[in-house]
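The values are calculated or read from the model by the stated rules, or taken from the named source; none is laboratory data. Please read these numbers as outputs of a predicted model, since none were measured by experiment. Cβ coordinates were reconstructed from backbone atoms using ideal geometry, including for glycine residues, and neighbour counts include every protein chain displayed.
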Amino acid sequence: MHPVTAGVTVFTTSAAVLVLEILAGRLLAPFVGESLETYTGIIGVVLAGIAVGSWQGGRLADRVDPRRLLAPEILLGGALALAVVPIVTALGAALQGGGPVAIVLLTTAGFFAPAAVLSAVTPTVIKIQLADLDETGQVVGRLSALSTAGAILGTFLTGFVLVGTFATSDIALGIGIALLAGGALAWWRLGPRGDRRLPATAAVAVLAAALTAAANPACDHESRYYCAQIIEDPERDSGRTLILDALPHSYVDLDDEAHLEFDYMRMFGDVLAVAAPPDEPLDTLHLGGGALSLPRYLDATRPGSTSRVLEIDPMLEQLAVAELGYEPTSGIEVVTGDARLALEDEPDDAYDVVVGDTFAGLAVPWHLTTREVAGEVSRTLTDDGLYTVNLIDRPPMDFAHAKAATLASVFTHVTVLGPPERLRGAEGGNLVLVASDAPLDRAGLEDAIAAREGDEVVLADAAVDELAAEGVVLRDDFAPVDQLITPYAR
């Protein structure tokens with residue numbers, strides 16, 4: 001085996017392992033969400049596969065002629081890569097929302113085997129190349145370095161290029177086909193003629209490819225950031241729900257943009273009701289846009305209002321236009337980019353209200369939860385401006401306590417809205433927090449809730465101080481949002 005061929009082989013198979021690892025986050029997201037927990041499970045399982053494959057691949061190469069092993073390993077790796085999409089799609093529905101156990105089980109079912117088999121290639125190639133013991137260090141070092149370089153390229157290529165250009169299932173299909181082609185070439189060059197394993201492996205590969213092509217991924221639209229579905233409301237003909245990964249993100253009534261379906265959106269509406277007299281327009285900044293439900297609500301209920309939306313995914317505005325009845329208007333401006341970075345460019349004293357409604361899975365992206373971000377928001381608000389934030393938490397509500405403490409470290413007044421059971425920590429769900437330097441119209445807020453017959457209560461002053469006292473202030477160097485929502489260590 002020529003040294004160049006050996007290098008290309010370990011480079012490409014290692015790249016394939018990391019391509020699959022990056023794809024795992026996108027494939028699992030519709031079923032278990034996209035969070036630190038998801039990536040922790042993926043990285044752990046794939047590393048376990050790499051370790052087992054490297055160990056057992058080297059052990060097998062010492063017992064069997066490695067020239068007979070190489071082609072079957074690459075072919076089997078290709079077949080297993082093709083099986084990833086149908087396996088995850090078939091098992092995902094049964095494991096949906098199952099937390100860390102579901103993440104590990106789903107990742108293991110889909111990705112452990114291909115990672116292990118493809119990782120066995122490097123020790124097999126090293127064994128083939130070791131013709132002289134005096135060159136052992138050089139051979140092992142060179143091939144190990146090329147294997148690592150392939151993994152790096154696979155990571156960068158997938159994250160920066162492939163996921164933003166092709167559907168995840170198409171990338172998996174392409175990787176599988178490329179590996180099968182490489183395995184067939186290796187079999188032709190190294191394998192014994194007439195080996196009966198070739199037809200059997202080919203049959204498995206064809207079946208896996210057919211299943212991949214036929215698999216029905218859980219998303220209708222896929223971007224660099226989200227797997228998106230749009231679901232019709234069976235109880236409201238004009239209602240549409242935007243699902244991003246595993247979480248309903250936005251609801252739009254195509255016939256009535258003033259309709260707010262989700263409870264937390266209604267609480268946002270209550271906050272907007274007391275931000276200014278009913279006939280006055282508002283200048284608002286939105287961290288996160290989704291289907292632009294709240295900017296469209298403002299446009300419908302407070303004519304003349306302006307909404308500047310910082311949204312990381314350009315696909316969402318495109319979906320809003322194409323399928324969710326949004327007609328671009330001069331009152332709504334969508335700026336594509338990470339809200340944290342874009343916030344730094346916003347002017348001082350410019351907005352009456354800043355709305356925080358950004359989610360990755362069940363959690364707000366951690367870098368938008370910190371005291372530093374609250375300080376930037378405060379800078380953009382007018383003297384009597386409001387910063388209102390949506391969050392999701394579950395008992396014992398550690399994240400809610402931390403968020404209250406964080407906002408209280410920057411703003412003079414913090415108010416919390418939510419159902420009584422949720423505020424007591426008896427159930428999980430959405431809460432809305434409001435921070436300001438001027439006193440909030442609590443009575444007006446309670447009247448707005450009562451007018452729509454809501455059951456939410458308003459906590460302020462000493463009650464919020466008690467919540468904040470139980471929380472840690474989130475900072476850029478310490479914001480364990482995922483762990484606060486799911487405190488397994490406790």
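Residues are listed down the side, and each one gets a yes or a no for (1) among the aliphatic types (A, V, I, L, M); (2) over 20 Å from P295 (Cα atoms); (3) touching a helix residue (DSSP H, G or I) at 6+ places or on another chain (Cβ under 8 Å):
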site	(1), (2), (3)
Y326	no, no, yes
D357	no, no, yes
R371	no, yes, yes
G375	no, yes, no
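At least 1 residues that are in the same structural domain as P347 (by TED's automatic domain parsing), under 15 Å from G356 (Cβ atoms) and of a type outside the set (S, T, Y) in each: list the strands (runs of 3 or more DSSP E) lying fully within region 230-323 that qualify. Working first, answer last.
Details: elements: 239-244, 247-253, 283-287, 306-311.
In region 230-323, 247-253, 283-287, 306-311 are the strands (runs of 3 or more DSSP E) which contain 1 or more residues that are in the same structural domain as P347 (by TED's automatic domain parsing), under 15 Å from G356 (Cβ atoms) and of a type outside the set (S, T, Y).
Looking at G53 and the list (1) in contact with a strand residue (DSSP E or B) (Cβ under 6 Å, 6 or more places away or on another chain); (2) of a type outside the set (K, R); (3) part of a helix (DSSP H, G or I), which single condition is not satisfied?
Single failed check for G53: (1).
Considering only residues that are surrounded by fewer than 20 Cβ atoms within 10 Å (Cβ to Cβ) and among the hydrophobic types (A, V, I, L, M, F, W, C), which ones fall in region 227-245?
I230, I231, I243
Just to check your reading of the model, which residue among A94, A81, A109 is under 22 Å from V45 (Cα atoms), surrounded by fewer than 24 Cβ atoms within 10 Å (Cβ to Cβ), assigned by TED's automatic domain parsing to the domain that holds E21 and in contact with a Leu (Cβ under 8 Å, 6 or more places away or on another chain)? Walk me through how you get there before you give the answer.
Details: A94 fails: in contact with a Leu (Cβ under 8 Å, 6 or more places away or on another chain); A81 fails: surrounded by fewer than 24 Cβ atoms within 10 Å (Cβ to Cβ).
Matching residue, one of A94, A81, A109: A109.
Within region 150-182, restricting attention to residues that are over 23 Å from L70 (Cβ atoms) and of a type outside the set (A, V, I, L, M, F, W, C), which residue is modelled with the highest pLDDT?
Among residues in region 150-182 that are over 23 Å from L70 (Cβ atoms) and of a type outside the set (A, V, I, L, M, F, W, C), the one modelled with the highest pLDDT is T155.
Listed here are the residues, each with its yes/no results for (1) at pLDDT 95 or above; (2) surrounded by 20 or more Cβ atoms within 10 Å (Cβ to Cβ); (3) in a loop (DSSP other than H, G, I, E, B); (4) not assigned by TED's automatic domain parsing to the domain that holds D263.
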| position | (1), (2), (3), (4) |
| --- | --- |
| A450 | yes, no, no, no |
| V458 | yes, yes, no, no |
| L467 | no, yes, no, no |
| V473 | yes, no, yes, no |
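Tally time: how many residues in region 9-39 are out of contact with any Ser or Thr (no Cβ under 8 Å at 6 or more places or on another chain) and without any contact (Cβ under 8 Å) to a residue 40 or more places away in the chain?
Qualifying residue count for the region: 1.
For a quick check of your reading: which strands (runs of 3 or more DSSP E) sit entirely within region 355-436 and have at least 2 residues that are surrounded by fewer than 21 Cβ atoms within 10 Å (Cβ to Cβ) and over 25 Å from the mean Cα position of the chain (by Cα)? Can you show your working first?
On the way: elements: 381-393, 413-418, 429-436.
Once the strands (runs of 3 or more DSSP E) in region 355-436 are filtered for at least 2 residues that are surrounded by fewer than 21 Cβ atoms within 10 Å (Cβ to Cβ) and over 25 Å from the mean Cα position of the chain (by Cα), what remains is 381-393.
Yes or no, residue by residue, for (1) modelled with pLDDT of 95 or more; (2) of a type in the set (A, V, I, L, M, F, W, C):
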{"site": "H259", "(1), (2)": "yes, no"}
{"site": "A273", "(1), (2)": "yes, yes"}
{"site": "G290", "(1), (2)": "no, no"}
{"site": "L310", "(1), (2)": "yes, yes"}
{"site": "D313", "(1), (2)": "no, no"}
{"site": "L316", "(1), (2)": "no, yes"}
{"site": "E323", "(1), (2)": "no, no"}
{"site": "Y326", "(1), (2)": "no, no"}
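Is it the case that L207 is at pLDDT below 90 and in contact with a Ser or Thr (Cβ under 6 Å, 6 or more places away or on another chain)?
Working: at pLDDT below 90: yes; in contact with a Ser or Thr (Cβ under 6 Å, 6 or more places away or on another chain): no.
So L207 fails the test.
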